[in-house]
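Working notes, beginning with the structure itself.
The values are calculated or read from the model by the stated rules, or taken from the named source; none is laboratory data. The structure presented is a predicted model; accordingly, all values stated were derived computationally and were not measured. Reconstructed Cβ throughout: ideal geometry from the backbone, glycine too, with neighbour counts over all protein chains shown.
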Amino acid sequence: MPVFVSLSVWQPSSDDLMTAPFYPQHTSLGGYLNVADLSVGGLCFLTRFPALGQVLKRGDVDHHARIYLPMVPPVEAQLVIRWVKRVKEYPKESKSEDFFDRFYRFGAEFVEQTEPLRFALRQYIQQLSREGAL
């Protein structure tokens, strides 16, 4: 089940060549970032495009980030960026070391969790547990 986060401190621009391509009428969707890992304490989100890495640094705080969980209205959260990693991944089928994928991973911690955030996180994690995903 996909989970996304959008940040209030960064919105993509259709003119920016270092951000994911999107249609101008879908600007809000261009700012959705894939969540790779989620827990009650924080999350890890990632992107293939370097624009976000130029804006977010360790220690930055976003007071109005929004988390999009399946079948639940978006939940607002306060996040502090704890780490940033630039990852090179070499595909198994590649015979050349010149061909690789690059990811940018961001670790964020929830600060001052609200009751709606806590409830939504617990409900989502319980739902995954029931489905045998954990």
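Can you tell me which residue is modelled with the lowest pLDDT among those in the stretch 89-118 that are loosely packed, with under 13 Cβ neighbours inside 10 Å and under 18 Å from Ser39 (Cβ atoms)?
The qualifying residue modelled with the lowest pLDDT is Glu112.
Just give me the residues in the stretch 58-79 being surrounded by fewer than 17 Cβ atoms within 10 Å (Cβ to Cβ) and either under 18 Å from Ile125 (Cβ atoms) or modelled with pLDDT under 90 (or both), in sequence order.
Tyr68, Pro70, Met71, Val72, Pro73, Pro74, listed by residue number.
Would you be able to say whether some residue in the stretch 40-47 is more than 12 Å from the chain's Cα centre (by Cα) and modelled with pLDDT of 90 or more?
Yes, that holds for at least one residue.
Please specify each residue of the stretch 42-57 satisfying the condition of being under 27 Å from Ile125 (Cα atoms) and exposed (fewer than 12 other Cβ atoms within 10 Å of the Cβ).
Within the stretch 42-57, Arg48 is the sole residue that qualifies.
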